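What follows is one structure encoded as structure tokens, with my remarks underneath.
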Amino acid sequence: MRAPLLRTIPIAALILAASCEQAETPPEPPPPNPTDAQLRQTLSVYGVVPIGPTPVSDPALVRLGQALMFDKILSGNRDISCATCHDPAAHLTDGLSLAIGTGALAAGGARTLGPGRRFAPRSAPTLLNQGLRAYEVFWDGRVSGFGAGPFETPAGAALPGGLPNIVAAQAMFPVLNRQEMRGDSGDLDRFGNINELARFSDDQLVETWNAVMVRLLAIPEYVTMFAAAYPGMAPQALGFRHAAAAIAAFEMQAFTRTGSPFDRFLDRDDAALSPAEKRGAVLFFGEARCSQCHNGPLLGGQSFANVGVPQLGPGTGAAAPLDLGRAGVPTQPNQPPNDFYRFAFRVPPLRNVELTAPYFHDGAYPTLDAVVHHYNDVPAAIQGFDVNQVDPAIRGTYHGSAATLADLTQHLDPRVSTPIRLTEAQLKDVVAFLKSLTDPAARDLGSLVPASVPSGLPIR
Amino acid sequence: MPARHDVRPRLSRLRLRAIEVAAGASLLSLTVVTTASAQLITIRTVPISQSEQFEFFPSRNLGMGGVNIALSDTLLDPFRNPADASRLRGSRFFSSPGTYSVTSDAGAGRTLPVGAYLRAGQWFGGLALAVQQVDASRRNVLQPPIFLEGDLTPPALRPNRPGLVTDPTLSPGNRTHGNQFATLMLGRDLHRAGLSLAGSLSWSGLNAVDGVDLLYPGSQRVDQSGHALDLRLGLLKEFADTRSFQAVVLHDRFAMTHDVMYLDQFWDPATQQIAFRQRNDRNLDHTSTWGAHLEYQLPLAAPGWRLGWLATANHMSHPKIPNYEIMNIPGDPGTSNAFNLGVGVSRRDGPATFGMDIVYEPIWSHTWALADVPIATTGGSIPAGGKTVENHFRFSNTLVRLGLDRELPVFGGRLAAFQLGLMVRSIGYHLNQDDLVAGSVRRQNESWTEWTPTWGLSLRFPEFELRYRGSMTHGSERPTSSFGGCPNCFEAVPGGIVVAPSGPMSLDPVKVVSHQVSFSLPLR
């Protein structure tokens, strides 16, 4: 009986050897490729969550808002509507580095500055997904607030109550801005008549709003549309806030585009993003530091940063020809600018960013590729900005003095003050990710343009 | 700065561990849900032990580390090979209430089995029933209700309406669930040939498999339901010189459904807030196993010594594996071929018994994921139904068991015995993962070792036998959900975004402690 035991010993030895082999700690494996699970967890950390449905508005209110959005009757000179600078053909912006307001010349479909006019200090931000309602609007966030308010606005106590949301609060202001819609005192409108809206002083906000309403309610079709949108309300009780609320309802209903591949990924479709887009996403939310600012459900829209954008344009406020951005918005009345926000502008939400060139508050960069190269080494980009990449009409407004560049660099946001040094391949992946934020339905918004508006003014 | 240097590598390892777990979890569900694990080979890719949940029938040897290759376990062996019930010469009733618990409040269970072995002439059989209560491995917490009410948000952000989730059916569910088990065996001795043949049918109605709820981090509630069915045909040949040969063929079907409820965050434009909506995922965990098992025991020349060996082969097809939250392999099917080869020796020297087993388990497993829709890849595209990920696992596991038993005469003609044992299980695998979408290959080695000291006491009275056995498994781990997973996660997240308490899984060491008291008494 000894033989079986002897035969067993080699087997046991082999098994013990295998056991010893297992006891060894294997070397730490190399970092794996990012997984969908890893990316999802990272998104969770940065508060990037799916977008829920926008509330459905009263169709009559939306119809009224659409008419107002495209009707030049709202402008003092009857030559510009909201949709002129937020043109569906240009994805609800105007494709310009700096916006051109009232008094523009239109030749071959391109708007240029009219005689005696100047560029607006900033670009016209897209209204795509305006209905998702970030906390602040305008490049300097001068209108902010939650829910149904109260809202912080330049109008202060003059802002009427009852505005339903921040989009409506925002819509109160372009009609007050002389450069954008109201016009200068002494302007004649497109028919050669006196621009009565421009006659009010800049602090007569309520009077201006009321004057716009007088215009609107002089048009029977608007009377009918307001009555449908606000049934039971006497015409004399209607104010411009009701028009603004209608414009907001239209924006929220019609301008929301959240069907991008990235949104599908957020809705748990792992296949929605290509490998390059996923690599770009991992960079975006990691090494590239983009998500340090572009975070939250909207990928931005909730903070301000000086990311070293070259100063272009006429500037605004006391600092003109510079544009101090958020620092130019006093936190308290009669308070000096807050240097903490010097040159800081709103971090914009990024959905559909591919469609809304040029980029930054003054349209300094024409492509996403140029934008990511800027971020890759911001201090170097400030010093080496090539002004030839912007529209020739505004090249002369570039403020590239050594003092300005030093000022800009000195106040850089710490998150971008050191180079990131991504490779060209990585930068391409980041751009691929940014393009994955595009909802295909946002590419052609032509269906939003009505055939006509109640005033009978031309839409284009 | 020094602090950051200290933290970064640690977090890096944590992330790595989380990723490893994510990939490996795809096979966890192949843990055998049976009370007779010897012929069904468990495949585990994460160190989450589940065996204590299903080791509830009485045993003579579990206090000795569970040695059984060269040392028969007359109480437990019939559940492994129903033909072994023929060794019980009379009819006996038994019960073996037991508990197990995982430290850190990470799971517990209580089981009450009752059963009887019956013999009538050449026929023998058995019936065993068990009810089990299992505490979930984590507390089912509905994402804090105060969170739902908006109390964690600044007052300015709170919604005007009273609560974002108002579904009254939304509840965290019970933490404790019940399982039921039934085993029926029937066999016949063929004395002339020294053969016994028997078959058994085991059914398990399952509402809680320990540890499963931990594989869905971020979920609010996991409801399990399903069953396991185990069919066995066994043969026992006992020779006159005390040699014995056993053979078992088996078929095992395991089908579980995991209904997992999540509360997903979303941005509610109406309120300008992050709100929650309910999402229910149904995950199926199906595995079918065919197996064959051979075992041989013989006495050695030296007095009291016995030698045994065993060989087992399992072929498993798993058409559906849960789509765990922590993994990136959706519902992957696959096949596995698992084997074990073992050798054991035992020695009985008067009142003392010693036993040792060594078992080697080579396992090959192949799983894959299929594309639901055409997917663009780095170099082309994958059509719907094509493979997107392939995982090739190569396991090399080893099990060593040692134990001794010493009988002590006590007063009144009673006999007492104590047992001590140690079971060491080493699990190691190599994963070769081909990501056909990204065009990447990942190779990974993972291993861990579990140590289980065991102990036991028994008292044998003329009328009945009373046993106690206990064990404590070291080396098991339990997942904990944590924040992280981003390269900059150690830095403050800007923007004040409210983050859900879900994150990649990391594993914390736990101990699994089990106690069982069993008694058996002759029926006639």
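The values are calculated or read from the model by the stated rules, or taken from the named source; none is laboratory data. Not measured: the values here are computed from a predicted model. Counting neighbours? That spans all protein chains shown, and the Cβs are built from the backbone with ideal geometry, glycine included. With ligands, DNA and RNA removed, areas are computed over all heavy atoms of the protein, side chains included. Shrake-Rupley method; radii C 1.70, N 1.55, O 1.52, S 1.80 Å.
Dipole of region B:208-331 computed with +1 at Lys/Arg Cβ and -1 at Asp/Glu Cβ about the Cα centre; of B:260, B:288, B:321, farthest Cα towards the positive end is B:288. The length gained on full extension between residue B:364 and residue B:392, counted as 0.36 nm times the residue separation minus their Cα-Cα distance, comes to 9.3 nm. Using a probe radius of 1.4 angstrom, the carbon and sulfur fraction of the accessible surface of chain A is 57%.
Ordering A:113, A:137, A:124 by Cα displacement along the dipole of region A:76-150 toward the positive end leaves A:113 in first place; charges were set at the Cβ atoms of Lys, Arg (+1) and Asp, Glu (-1).
Put a dot 7 Å past the Cα of residue A:190, heading toward its Cβ, do the same for residue B:120, and the two dots end up 10.3 nm apart. Assuming a viscosity of 1.002 mPa s and a temperature of 20 °C, what translational diffusion coefficient in µm² per second does Stokes-Einstein assign to region B:386-436, Rh being the Kirkwood radius over Cα pairs? For these conditions, the coefficient is 139 µm²/s. Based on the Kirkwood approach, the hydrodynamic radius assigned to chain A is 24.2 Å, with every pair of different Cα atoms included.
The residues neighbouring residue B:299, those whose beta-carbon lies less than 9 Å from its own, together hold a net charge of +1 under the Lys/Arg +1, Asp/Glu -1 convention. Of the trypsin sites (Lys or Arg not before Pro) found in region B:355-452, those that fall in a DSSP loop while having at most 14 other beta-carbon atoms within 10 Å are B:414. Each residue of region A:53-67 is assigned a 3J(HN,Hα), and the resulting list reads x, 7, x, 7, 9, 4, x, 5, 5, 5, 4, 4, x, 5, 4 Hz, derived from the Karplus form 6.51 cos²θ - 1.76 cosθ + 1.60 (θ = phi - 60°), x at Gly and Pro. Entry note, chain A: relative contact order of 21 percent, from Cα contacts under 8 Å with a spacing of 6+ residues. Give me the dipole magnitude in Debye, nearest 20, for region A:65-147 about the Cα centre, with unit charges on the beta carbon: positive for Lys and Arg, negative for Asp and Glu. For region A:65-147, the charge dipole is close to 180 debye.
Please give every one of the aspartates and glutamates within straight-line cross-link reach of residue B:237, meaning a C-alpha to C-alpha distance under 18 Å, and leave out same-chain neighbours fewer than 8 residues apart. Once the sequence-local aspartates and glutamates are set aside, what remains near residue B:237 is B:73, B:77, B:84, B:189, B:295. Computed from the Cβ-Cβ distance with R0 of 30 Å, the FRET efficiency linking residue A:403 to residue A:367 stands at 0.55. Is the shape of region B:182-267 best called rounded, prolate or oblate, per the rule: a/c under 1.5 gives rounded, else a/b larger than b/c gives prolate, else oblate, with a ≥ b ≥ c the square roots of the Cα gyration tensor eigenvalues? Since a/c reaches 1.5 and a/b is larger than b/c, the shape of region B:182-267 is classed as prolate. Projected label points at residue B:240 and residue B:415, each 7 Å from Cα along the beta carbon direction, are separated by 2.7 nanometres.
Solvent-accessible area of region B:74-144 (1.4 angstrom probe, protein heavy atoms only): carbon and sulfur portion equals 67 percent. Electrostatic tally near residue A:273: other residues with Cβ closer than 13 Å to its Cβ, Lys and Arg +1, Asp and Glu -1, net -1. Remark on residue A:365: its backbone amide H falls under 5 Å from those of A:359, a criterion applied only to residues 5 or more positions apart or on other chains, H modelled at 1.01 Å from N. The charge dipole of region A:96-223, taken about the Cα centre with unit charges on the Cβ atoms of Lys, Arg (+1) and Asp, Glu (-1), comes to about 340 debye, rounded to the nearest 20. Distance between the 7 Å Cα→Cβ label points at residue A:224 and residue B:474: 8.8 nm.
Partner shielding of B:438-444 amounts to 4, given as the average count of beta-carbon atoms from other chains within 10 Å of each residue beta-carbon. Shielding by partners for peptide A:46-59, expressed as the average number of C-beta atoms from other protein chains within 10 Å of each residue's C-beta, is 5.
Which of rounded, prolate or oblate describes region A:313-460 when judged by the alpha-carbon gyration tensor and an a/c cut-off of 1.5? Taking the square roots of the gyration eigenvalues as a ≥ b ≥ c, region A:313-460 is oblate. Taking a straight line from the alpha carbon of residue A:435, these lysines sit under 29 Å away, with near neighbours fewer than eight places off in the same chain left out: A:278, B:387.
For residue B:454, the residues whose modelled amide H falls within less than 5 Å of its own, excluding neighbours fewer than 5 places apart on the same chain, are B:65, B:421, B:422, B:423.
Leaving ligands and nucleic acids aside, the A/B contact buries around 5100 square angstrom of accessible area in total at a 1.4 Å probe radius. Classify region A:298-359 as rounded, prolate or oblate, taking a ≥ b ≥ c as the square roots of the eigenvalues of its Cα gyration tensor: rounded when a/c is under 1.5, otherwise prolate if a/b is larger than b/c and oblate if not. Here region A:298-359 falls in the oblate category. Distance from the C-alpha centroid of region A:57-116 to that of region A:348-427: 27 Å, rounded to the whole angstrom.
Ranking A:372, A:457, A:357 by how far each Cα lies toward the positive end of the dipole of region A:311-460 (charges on Cβ) leaves A:457 at the top.
Peptide A:268-278 is shielded by partner chain Cβ atoms: per residue, an average of 5 of them sit within 10 Å of its Cβ. Over all orientations, region B:404-460 has a Cα convex hull whose mean projected area works out to 5.6 square nanometres. When only the Cβ of Lys, Arg, Asp and Glu is charged (+1, +1, -1, -1), the dipole of region A:116-158 relative to its Cα centre reaches about 260 debye. For region A:309-460, the solvent-accessible area of protein heavy atoms averages 45 Å² per residue (probe radius 1.4 Å; ligands and nucleic acids excluded).
If you find the alpha carbon centre of region A:174-218 and of region A:262-283, how far apart are they in angstrom? Answer, in whole Å: 48.
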